[in-house]
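The values are calculated or read from the model by the stated rules, or taken from the named source; none is laboratory data. This one's a predicted model, so the numbers in the text were calculated from it and none came from an experiment. A quick note on method: Cβ atoms are made from the backbone with ideal geometry, for glycine too, and the neighbour counts reach across all protein chains shown.
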Amino acid sequence: MNLAQFHKWSYIIMGALTLIMVIAVIAVSASGDNDLLKGPFTAAILGVYLVIQIACIILMKPSLSIYKVGFYLLHIGLPLILFGLFLFEAMGETLSANVPENSTGSAYTRLQREDGSFAEFGFGIRLNQFTVEKYESGGDSYYGANISIFEENERTGGMTNSENIMLEVNKTYRNNGWKIYLMSYDNGSAALPITDISSPLPETYTSVGGGGQVAAIMMSTGKYDNATVNFFVYNAQSGAYAFVGNNLSAVAGVEGKCTATVYDNGDGTFSAYFSQTYVNLLFKRDPGEYVVLVGMVMTLIGVILMCIIRGKKGSKSDDDSNEDKQRKSRHGKRRKEGKC
């Protein structure tokens, strides 16, 4: 394989790999799942990039033709992609949290990492209301989270509500270097006991005043006077309800909007299942995001200049041109010397 053929195949391979990386980055940005850019997938692509780039840089002679401008853009863009990915691995992070629908609660300003340390957002968030729309078949057609954003007030030292946003699937929010994604939700309904068709339907009570307020509303109906009520509270982490006691104080710690589903056990006792709606939010900080995007743009422009625009002009590569000149020079010398 001569130099011109090597360049041709290197452009095709790097262009294909760049397209694969663009698709992967778009998929990661939409889903919030960064695992796709980790492990052997990225290592294999970056390894091929590195080998081809080193060979091209060593073999290519500098000039300012359209072909060479594309070459330089391509080979500057590739290191930028590598550098951007390295920045994320070195300084970026991805965290997730189950945030309760908590209309009267406090704002979340940080998350705990696996090592016990905390990632500070530099702002606060609170989930005010979660909206779900259903198809006639019962499946979810839409869901969105109304979220309040709080910024630190330097004058008072507290947090001030700066804006309210509607966070939706595939619609992110950016603040202070963080991107927030709405991933899913959990209202505890899947973990509720299955109702026996012969049993009375469970009663439901809801209030934004927390578990204590819901329990007070429930007891004020008089349906549970002189009866034992077993209180259960839903845990989004375990995905199950846990028994917490037989008195109202057992659910007083459940803050914000709360729903109680009460079952008649048929033996004079009742079971009350308390839950909030939790949304799973993904928090991502990627200091190399724009570096990668700039590198990809430069790489694509370089490929276009080298392979498409110059190709339309029907001109040969610089190396082919040099070979033609040398061939003509040798042929001219032979003619002067009377040789074929």
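Values computed for the structure shown
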quantity	calculated
Options 273, 181; residue that is assigned to a strand (DSSP E or B), assigned by TED's automatic domain parsing to the domain that holds residue 119 and not aliphatic (A, V, I, L, M)	181
Test: residue in the stretch 186-194 that is closer than 22 Å to residue 98 by Cα, surrounded by 14 or more Cβ atoms within 10 Å (Cβ to Cβ) and among the hydroxyl-bearing types (Ser, Thr, Tyr)	no
Residue ID - nearest to residue 266 (Cα to Cα), chosen from residues in the stretch 228-240 that are exposed (fewer than 13 other Cβ atoms within 10 Å of the Cβ) and in contact (Cβ under 8 Å) with a residue 40 or more places away in the chain	228
Residue check, residue 156 out of contact with any Leu (no Cβ under 6 Å at 6 or more places or on another chain), among the hydroxyl-bearing types (Ser, Thr, Tyr) and at pLDDT 85 or above	no
Some residue of the stretch 185-198 being touching a helix residue (DSSP H, G or I) at 6+ places or on another chain (Cβ under 9 Å) and part of a helix (DSSP H, G or I)	no
Qualifying residue in the stretch 115-125 (condition: among the polar types (S, T, N, Q), surrounded by fewer than 17 Cβ atoms within 10 Å (Cβ to Cβ) and touching a strand residue (DSSP E or B) at 6+ places or on another chain (Cβ under 6 Å))	no
Residue in the stretch 128-174 that is surrounded by the most Cβ atoms within 10 Å (Cβ to Cβ), counting only those that are closer than 14 Å to residue 185 by Cβ and acidic (Asp, Glu)	168
Some residue of the stretch 53-76 being in contact with a Gly (Cβ under 6 Å, 6 or more places away or on another chain) and outside any helix (DSSP H, G or I)	no
Residue match in the stretch 209-218 (condition: surrounded by fewer than 18 Cβ atoms within 10 Å (Cβ to Cβ), over 26 Å from residue 262 (Cα atoms) and of a type outside the set (Gly, Ala, Ser))	no
Filter pass, residue 238 being within 30 Å of residue 169 (Cβ to Cβ) and of a type in the set (Gly, Ala, Ser)	yes
Residue 339 vs. criteria outside the structural domain of residue 30 (by TED's automatic domain parsing), modelled with pLDDT under 55 and part of a loop (DSSP other than H, G, I, E, B)	yes
Candidate set: the stretch 241-259, residues that are small (Gly, Ala, Ser) and part of a loop (DSSP other than H, G, I, E, B); chosen: the one surrounded by the most Cβ atoms within 10 Å (Cβ to Cβ)	256
So residue 119, is it farther than 20 Å from residue 286 by Cβ and either within 17 Å of the chain's Cα centre (by Cα) or charged (D, E, K, R) (or both)	no
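Conditions tested, residue by residue: (1) touching a strand residue (DSSP E or B) at 6+ places or on another chain (Cβ under 9 Å); (2) at pLDDT 90 or above.
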| residue | (1), (2) |
| --- | --- |
| 191 | yes, yes |
| 194 | no, no |
| 209 | yes, no |
| 220 | no, yes |
